[in-house]
1. So, restricting to strands (runs of 3 or more DSSP E) that lie completely within region 11-82, which ones have at least 2 residues that are in contact with a strand residue (DSSP E or B) (Cβ under 9 Å, 6 or more places away or on another chain) and in contact (Cβ under 8 Å) with a residue 60 or more places away in the chain?
2. Determine whether residue 55 is under 16 Å from residue 75 (Cα atoms) and either at pLDDT below 90 or under 13 Å from the mean Cα position of the chain (by Cα) (or both).
3. When residue 53 is evaluated against the numbered criteria (1) within 19 Å of residue 80 (Cβ to Cβ); (2) exposed (fewer than 14 other Cβ atoms within 10 Å of the Cβ); (3) in contact with a helix residue (DSSP H, G or I) (Cβ under 9 Å, 6 or more places away or on another chain), which criterion, by number, is the only one it fails?
């Protein structure tokens with residue numbers, strides 16, 4: 001199964017999203033440092049790694065709450081999805 005990475009500027013925001021995804025939707029995700037090969041940050045950033053099947057739900061949560069994200073990417077080829 002394919003995974004996606006949703007990139008955030010801070011671990012705090014990523015952890016908040018992770019918590020809501022788990023508690024409200026039963027979606028598991030992992031907090032990981034953003035791979036340098038992704039090329040979206042000059043400094044530290046963090047991302048949530050999750051199954052691609054949950055991308056739409058997670059993205060709606062991020063966008064409807066005005067949270068800052070640097071985008072969503074395929075975890076294998078780093079293609080931008082959102």
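1. Qualifying strands (runs of 3 or more DSSP E): 71-74.
2. yes
3. (3)
The values are calculated or read from the model by the stated rules, or taken from the named source; none is laboratory data. These numbers were taken from a predicted model, which means no experiment stands behind them. As a convention, Cβ positions derive from the backbone with ideal geometry for all residues, glycine included, and neighbour counts pool all protein chains shown.
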